[in-house]
Amino acid sequence: MLLGLIAFTACSTDRDDNPVLSVPEDGFALYAPGIAANVIDLDGTEQLVFKCNQPNYGYTAPVTYVLQFSIDGENWVETTATQNDPNALAVDGNDLAVIVTNALVEQGYLEEDFPMTSDVYARVRAYLSGNEASTSVLSSVVHFQASTSFALPAMVVPETLYFTGNFNGWSWETAVKGVQQNGQPETLWHILWIDNSGFKFNIEPDWDGNEVGFDGLNSITGSKADDIIASDGNIASSNPGWYMVKVTVTLVGRSYKYDLAVDPVQVYLIGPCTKSAAWDAGLEDELFTVPRSNTEFVSPAFGNSTQGVEGDCVRAYAVTGLGDWWQSEFIVFNDGNIAYRGNEGDQDRVGGAAGQKLYLNFSTDKGRIE
């Protein structure tokens, strides 16, 4: 019994081999680099190296460190790299220049305002590896000044937009792509089924916070504009159906402005495959049937057989109201995909037999000739 009591007492006592975790309430010290006494030119700095004390967690253990930076001491941006040596916490000069430039742009500065000199504040977040949530602690803050040229990549108007909505089960994996209007690449169009649940679009096929819904539109125009409503933040319709959707993207500073236009859908055959073999646009007897649900469009029967060569082929187009028919034409190749001309040149040609029809599913961008 005496031996058991002694053993119990020993196990209940804090020792070096039985440490107790404690998260330091006062943080730990971060030291400024020696060159921080002067204005640091980030354009000519490959790396900036900081040192800090190791936080006292009550015992020695592997610690992970992450540098954070701010230009106002309040809005902090964390670098993506984690580090383990408290005497060599490094950030690339270019990476810090991007952080500083982004922060200055958010304050309203323009590219022409650069190069600029600004305050920079640094601190470190440390945590025990494998126990980040409950052991994170912040260091003291160091201050210095840095100059940088404009370090962000050039902004360009996107070549496509991705549309997802109730029509495809809200899946970015099967999102349809906006098509550039030939000669007007800033306007992207697609034929969409819009119901009262609606759709959103994005430059990237992802829920990354940049997706555009009803409140993200600068304007809504077109002959069907009155149909468009907001539904849970989505761009929806009070009159579910097929719409010719056009989005014009304008670059304003470092942001995009989106103007939406919606019109009725008109899809036509044209050229040698038609009954008249004419190149006249807008022939009523070459107009596709517009379905009343989220299903296929069907063309009139081909009036003539074609060989699938230039001047003797199947041609089709959608009316965008932005130019001639060939500026918004498309075709279905043997792989079953609708191939849009977009802002490119003439496409390869396909043929078809008299009596066949062109079937188009604009919610999947699939089609066939049968």
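The values are calculated or read from the model by the stated rules, or taken from the named source; none is laboratory data. Everything numeric here is computed off the predicted structure, so don't read it as measured data. Positions of Cβ are generated from backbone atoms using ideal geometry, with glycine treated the same way; all protein chains shown enter the neighbour counts. Only protein heavy atoms, including side chains, enter the accessible area calculation; ligands, DNA and RNA are left aside. Shrake-Rupley method; radii C 1.70, N 1.55, O 1.52, S 1.80 Å.
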TODO: May I ask you to evaluate 6.51 cos²θ - 1.76 cosθ + 1.60, the Karplus curve with θ = phi - 60°, for each residue of the range 79-95 and list the ³J(HN,Hα) values in order in whole Hz, giving x for glycine and proline?
DONE: 5, 7, 8, 9, 9, 10, 9, x, 9, 8, 8, 10, 10, 5, x, 5, 5
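Rounded to the nearest whole Å², what accessible area per residue is found for the range 155-298 with the 1.4 Å probe?
Working: 6350 Å² over 144 residues.
Per-residue value: 44 Å².
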Task: the range 101-171 versus the range 318-369: alpha-carbon centroid distance in Å - done: 42 Å
Task: Using alpha-carbon coordinates, inclination of helix 2-11 to the longest axis of the chain, degrees - done: 60 degrees
Task: From phi via Karplus (6.51, -1.76, 1.60), per-residue ³J(HN,Hα) for the range 308-320 in Hz, x at Gly/Pro - done: x, 10, 4, x, 8, 7, 8, 10, 9, 7, 10, 7, 9
Open item on the list: Give the aspartates and glutamates whose C-alpha is closer than 15 Å to that of LYS357, dropping any in the same chain fewer than 8 places away, or say none.
Closed with: ASP285, GLU286, GLU296, GLU370
- [ ] Could you pull out every residue, at least 5 positions away or on a different chain, whose amide H is within less than 5 Å of the one on ASP41? Hs are placed 1.01 Å off N in the peptide plane, and Pro or chain starts have none.
- [x] SER147
Open item on the list: For a quick check: with amide H placed at 1.01 Å from N, whose amide H comes under 5 Å from PHE199's, ignoring anything fewer than 5 positions away on the same chain?
Closed with: ILE235, ALA236
Task: Shape parameters for the chain, alpha-carbon atoms, Rg then Dmax in Å - done: 30.9, 111
Task: Set of aspartates and glutamates near LYS224 by C-alpha distance (under 15 Å), chain-local residues within fewer than 8 positions excluded - done: ASP195, ASP259, ASP263
Open item on the list: What are the ³J(HN,Hα) couplings of the range 102-117, residue after residue, when phi is run through the Karplus curve with 6.51, -1.76, 1.60 and θ = phi - 60°? Round to Hz, x for glycine and proline.
Closed with: 4, 5, 5, 5, 5, 7, x, 6, 9, 4, 6, 7, 8, x, 9, 10
Open item on the list: Distance between the C-alpha centers of the range 268-286 and the range 214-242? Whole Å please.
Closed with: 32 Å
TODO: Please report the relative contact order for the range 303-369, taking Cα pairs under 8 Å with a sequence separation of at least 6, and give it as a percent rounded to a whole number.
DONE: 35 percent
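Averaging sequence separations of C-alpha pairs under 8 Å and six or more residues apart, then dividing by the length of the range 188-287, give the relative contact order as a whole percent. Intermediate values should be presented prior to the final figure.
Details: 179 pairs, mean separation 28.5, N = 100.
Relative contact order for the range 188-287 comes out at 29 percent.
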TODO: Place the peptides 49-56, 173-180 in order of packing, highest mean first, counting for every residue the other Cβ atoms within 10 Å and averaging per peptide.
DONE: 173-180, 49-56
Task: Three-way shape label, the range 106-197, alpha-carbon gyration tensor, a/c 1.5 - done: oblate
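Given Cα pairs under 8 Å that are at least 6 residues apart, what percent is the relative contact order of the range 137-199?
On the way: 62 pairs, mean separation 17.8, N = 63.
Taking the mean separation of contacting Cα pairs over the length of the range 137-199, I get 28 percent.
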